[in-house]
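Written below as structure tokens is the structure these notes are about.
The values are calculated or read from the model by the stated rules, or taken from the named source; none is laboratory data. The model shown is predicted, which means the values in this text are computed figures rather than measured ones. Every residue, glycine among them, receives a Cβ derived from its backbone with ideal geometry; neighbour counts consider all protein chains shown. Note: accessible area is taken over every heavy atom of the protein model, side chains too, but ligands, DNA and RNA are not part of it. Shrake-Rupley method; radii C 1.70, N 1.55, O 1.52, S 1.80 Å.
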Amino acid sequence: PSNEILLQVQGLKVAYGGIEAVKGVDLEVRAGELVTLIGSNGAGKTTTMKAVTGTLPFDGEIRYLGESIRGKGAWDLVHKGLVMVPEGRGVFARMTIVENLQMGAYTRKDKAGIKADIERMFGIFPRLRERKDQLAGTMSGGEQQMLAMARALMSQPKLLLLDEPSMGLSPIMVDKIFEVVRDVYALGVTILLVEQNASRALALADRGYVMDSGLITMSGPGQELLNDARVRAAYLGQ
Ligand code: ATP
């Protein structure tokens, strides 16, 4: 991790109608870090991610690469390397694996580079190579999650936001997905990982934030949170 702050969130508030889902969140992600945001169902994690990607109105300040994202659309931010893999993955079901990967590169013009990157994705995700001409909608949940991550990587993100990549997957696929997150991080991609699987996420992360009822209640190095008695009692069932 360097000292460059890629993402800085200060006093973030987001409301749906009159109801505040995020009530004043501060967090930051530095270049080269893997940061996780954990918390139970409904804590406001997804809402925070949506605000960061420019898809929800908010109060407070969100800076990406030192600039406020206010008024910038999701499109602008993707062009600047801020890319989210949403919960539920959202692959293009009626397109093949290769076509999905090509869509991920829509911000790029370097045809040869795109082709080389598709090969690179097949190196990271061998399962996708085996199925490259299959329609994405016919793959398993875990395979679709891998495709969604590979598609996001095709845009050469500076900051990759992963919203609950392990959700709804079988234990074997959960293992696989966390391995892939670790591999992608090892490639040098900065990651903000939202997870309900607190133990797995904290075990991987440089730093973590714990979110509860719209607020950050604890933060610190991943290992420290993993060993914290309050975190263990509330989120690890121990
Ligand atoms: P989950 O893991 O279930 O996605 P989360 O921590 O990501 O949980 P959010 O999805 O951000 O939580 O939801 C935070 C709160 O905002 C919840 O109380 C939720 O019901 C509410 N909420 C989320 N989306 C909307 C919406 N579109 N309209 C109204 N309320 C919403």
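If the condition is being within 16 Å of the ligand (Cβ to nearest atom) and open to solvent by less than 40 Å² (accessible area, probe 1.4 Å), then the stretch 78-94 contributes VAL85, ARG89. Among the residues of the stretch 138-160, is there at least one that is of a type outside the set (Val, Ile, Thr), surrounded by 15 or more Cβ atoms within 10 Å (Cβ to Cβ), over 21 Å from ASN100 (Cα atoms) and away from the ligand (no atom under 16 Å from the Cβ)? No.
Residue count for the stretch 14-28 under the criterion of being in contact with a strand residue (DSSP E or B) (Cβ under 6 Å, 6 or more places away or on another chain) and either farther than 26 Å from ALA234 by Cα or away from the ligand (no atom under 12 Å from the Cβ) (or both): the result is 4. Note on the stretch 29-49: residues that are buried (at least 17 other Cβ atoms within 10 Å of the Cβ) and away from the ligand (no atom under 12 Å from the Cβ) amount to 6. Selection of the stretch 60-112 for residues being of a type in the set (Asp, Glu), over 18 Å from the mean Cα position of the chain (by Cα) and in a helix (DSSP H, G or I) yields only GLU99. Against the test of being acidic (Asp, Glu) and free of Cβ contacts under 8 Å to residues at least 40 places away in the same chain, the options GLU4, GLU33 yield a single qualifying residue, GLU4. For the stretch 63-77, the condition of being of a type outside the set (A, V, I, L, M, F, W, C), open to solvent by 80 Å² or more (accessible area, probe 1.4 Å), within 16 Å of the ligand (Cβ to nearest atom) and in contact with a strand residue (DSSP E or B) (Cβ under 7 Å, 6 or more places away or on another chain) holds for none of the residues. Cβ separations smaller than 6 Å between residues 6+ apart or across chains give the following pairs from the stretch 218-238 residues that are within 21 Å of VAL29 (Cβ to Cβ) to residues that are among the aromatic types (Phe, Trp, Tyr): SER219/TYR209.
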